[in-house]
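Right, one structure below, let's go through it.
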Amino acid sequence: MDAERHNSGLQLLIVNERARLLRFLAVRGAGDEAEDVLQDLWQRVALSTSQPVVDPISYLFRAAENLMRDRHRSNVSRERRQQDWHSTGDTPQDVPGGERVLIARQRLREADAVLAALGPRVDRVFRSYRLEGESQASIAKTLGVSLSSVEKDLQKAYRALAALKVKLDAE
């Protein structure tokens, strides 16, 4: 119970210090993703089972800084992977055979059908966030819904696609 009280106290502090945390993240290069990073911080605090913190404000700012570092490292790694992938080029062995292409197209149609079955908003949120790289805050603003609604829509899409993957792997 003490851990829950501690976490809810830190979450309340995030709410109270929201403007400062957003400015802090923006200065460190979060840009439009500052809201997403703040949401990640919220979730980490909610899942945390740590002991009480001596200086909670410093703890939150340090955690936000660490999240920014993690995102930066992830972006650098992704860019390096993509650059390595593109620099290797297609060799005859890399070009998929006809059967693999047909299977891939069928799986893509199944994924499209799963997303469409979840409704147009969930489909649009997923595609905007995962395929177009739009921030969750921007999607929420565009659709006129809350950030929480966007997060829930993404969770629905992830669960449905994970279930499809389990089904396809079983076949």
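What residue among Leu102, Leu41, Leu25 has the largest mean-square fluctuation in a Gaussian network model of the chain, using Cα springs under 10 Å?
Answer for the Gaussian network model of the chain: Leu102.
Of Ser148, Val76, Ala111, whose Cα points farthest to the positive end of the dipole of the chain (charges on the beta-carbon: +1 Lys, Arg; -1 Asp, Glu; origin at the Cα centre)?
Ser148
Is it possible to state the helix-based mean residue ellipticity at 222 nm for the chain, with each DSSP H run of 4+ residues giving -39500 (n - 2.57), the sum divided by total residues, to the nearest 500 deg cm²/dmol? What is it?
One gets -25500 deg cm²/dmol as the mean residue ellipticity at 222 nm.
With the other protein chains left in place, how much accessible area per residue, in square angstrom, belongs to the chain at a 1.4 angstrom probe?
69 Å²
Round to the nearest 10 and report in Å² the accessible area of Val125, as given by a 1.4 Å probe over the protein chains' heavy atoms.
Rounded to the nearest 10, the figure is 0 Å².
Roughly how many percent of the accessible protein surface of the chain is carbon and sulfur, given a 1.4 Å probe and a whole-percent answer?
About 54 percent, which is the carbon plus sulfur part of the accessible surface.
What does the convex hull of the Cα atoms of the stretch 43-171 come to per residue, in Å³, rounded to a whole number?
Per-residue hull volume (Cα only) is 171 Å³.
The values are calculated or read from the model by the stated rules, or taken from the named source; none is laboratory data. Since the structure is predicted, the reported quantities are computational estimates derived from the model, not experimental observations. All Cβ positions, glycine included, derive from the backbone under ideal geometry; neighbour counts span all protein chains shown. Ligands, DNA and RNA are stripped out before the accessible areas are found, and what is left, the full protein with its side chains, is counted by its heavy atoms. Shrake-Rupley method; radii C 1.70, N 1.55, O 1.52, S 1.80 Å.
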